[in-house]
Amino acid sequence: DSLGGKMALLQRKWLGHATETYTLEDAPYAAIAGGNDFNRITAENSMKWETIEPAPGVFDFTLSDALVAWAEAHDQAVRGHTLVWHSQLPNWINNPAVPWTAETLKPVLENHVRTVVRHFKGKIDMWDVVNEMFNEDGTYRDTLFQRLFGTDYVKWALTWAHEEDPDALLFINDYNFEYRGAKVDSAALFFKSLIDEKYPLGAVGAQAHLIVGQVSEAGITAGLKHFTDLGLLLYLTEVDIRYEIGRGNDIADYTPSQVAQQAKDYYSLTKACLALQNCIGLTLWQYTDKYSWIPGVWDGTGAALPWDVRLNKKPAYTAMYEAI
Ligand code: XIL
């Protein structure tokens with residue numbers, strides 16, 4: 001019948017999509033978004049710092065509250081994305097009149113994390129507490145937070161979020177978390193240290209922005225298992241599988257074998273998650289090519305989602321359906 005329906009039959013598995021109130025104004029899009037294929041959403045942008053705290057101590061929940069209300073009305077749960085991230089920060093954080101010090105920034109960070117989690121307590125059951133804190137070589141990304149606090153900010157943010165909502169599942173989320181390598185290996189070491197020190201990290205988010213023809217079920221299962229072996233839950237948080245070749249965003253411009261390859265890749269990715277008991281779900285980063293962020297970032301590429309620009313299901317959809 002539907003992807004979400006099938007996922008719901010599997011204990012604790014979620015099938016989500018990233019969306020926004022401005023894309024939900026598109027009625028045919030909204031009909032699918034609110035239908036049986038999905039049981040969870042993520043706010044694609046509206047819970048990021050620049051939107052939710054646009055001025056110091058001034059919180060604006062207009063867009064995010066509307067999105068959460070839409071999710072409730074359509075019987076969908078909500079992942080919170082994201083509390084601490086170096087990107088999409090407001091100007092008052094990026095360009096302060098007086099440079100931040102550890103003493104001035106810590107209370108600002110605390111107020112942000114606590115206020116947002118408290119606001120959505122009972123409505124958001126998963127939070128990406130820290131996003132993209134690692135470099136590809138496994139070192140910590142050089143961000144404002146890392147420079148002033150070292151990794152203490154991660155421990156604080158987890159603690160503050162947990163104090164505000166003890167029931168929420170707390171994540172550290174990143175890209176290139178799907179395959180073993182320097183990034184996954186050093187992240188797992190860091191996560192182990194957090195667990196050993198009893199910080200309330202509950203899960204790892206692997207974004208899974210992947211490339212057609214470069215998806216290996218065995219490779220991904222092994223990568224994810226490196227995290228789940230720590231006892232952490234795992235979620236594929238921002239799934240899309242884009243074509244790298246310059247045929248654009250319309251699946252009609254790709255050859256039958258290229259279309260089949262993407263379907264195979266969606267099948268493999270879905271299977272990799274389902275193979276692990278601790279992998280609790282996956283979320284498409286928008287479900288349709290019509291609203292995908294990919295063409296805007298990687299010019300000339302795209303067609304990365306299971307629904308095409310006309311909102312028709314692709315073979316990738318059928319492949320996921322068969323994998324579940
Ligand atoms: C992207 C959104 O999809 C775009 O609309 C926005 O312009 C930039 O951010 N990793 C993340 C997401 O954690 O928040 C990003 O979302 C994609 C990469």
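The values are calculated or read from the model by the stated rules, or taken from the named source; none is laboratory data. Bear in mind the structure is a predicted one, so any value in this text is a computation, not a measurement. Here the Cβ positions follow ideal geometry from the backbone for every residue, glycine too, while neighbour counts run over all protein chains shown.
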When you scan region 267-302, how many residues do you find that are closer than 15 Å to V215 by Cβ and either within 13 Å of the ligand (Cβ to nearest atom) or aliphatic (A, V, I, L, M) (or both)? 6
Near pairs, Cβ below 7 angstrom, 6+ apart or cross-chain, from region 201-224 (assigned to a loop (DSSP other than H, G, I, E, B)) to any residue that is basic (K, R) and within 16 Å of the ligand (Cβ to nearest atom): V212/R242
Note on region 255-299: residues out of contact with any Gly (no Cβ under 8 Å at 6 or more places or on another chain), part of a strand (DSSP E or B) and over 18 Å from T228 (Cβ atoms) are T288
Of all residues being charged (D, E, K, R) and under 20 Å from Y267 (Cα atoms) in region 290-319, which is surrounded by the fewest Cβ atoms within 10 Å (Cβ to Cβ)? Just the residue, please. K313
When you scan region 1-87 for helices (runs of 4 or more DSSP H) that lie fully inside it, which ones turn up with 3 or more residues that are modelled with pLDDT of 95 or more? 27-33, 49-52, 62-73
Condition test on N131, is it surrounded by fewer than 16 Cβ atoms within 10 Å (Cβ to Cβ) and out of contact with any Cys (no Cβ under 7 Å at 6 or more places or on another chain)? no
Top-ranked residue in region 229-267 [being more than 19 Å from G16 (Cβ to Cβ) and among the β-branched types (V, I, T); ranked as modelled with the lowest pLDDT]: I245
Please pick out the residue among N94, N39, N135 that is within 16 Å of the ligand (Cβ to nearest atom), of a type in the set (S, T, N, Q) and under 20 Å from the mean Cα position of the chain (by Cα). N135
Only residues that are of a type outside the set (A, V, I, L, M), touching a residue at least 60 places away in the same chain (Cβ under 8 Å) and within 16 Å of V309 (Cβ to Cβ): list them for region 225-251, please. D240, R242, Y243, N249
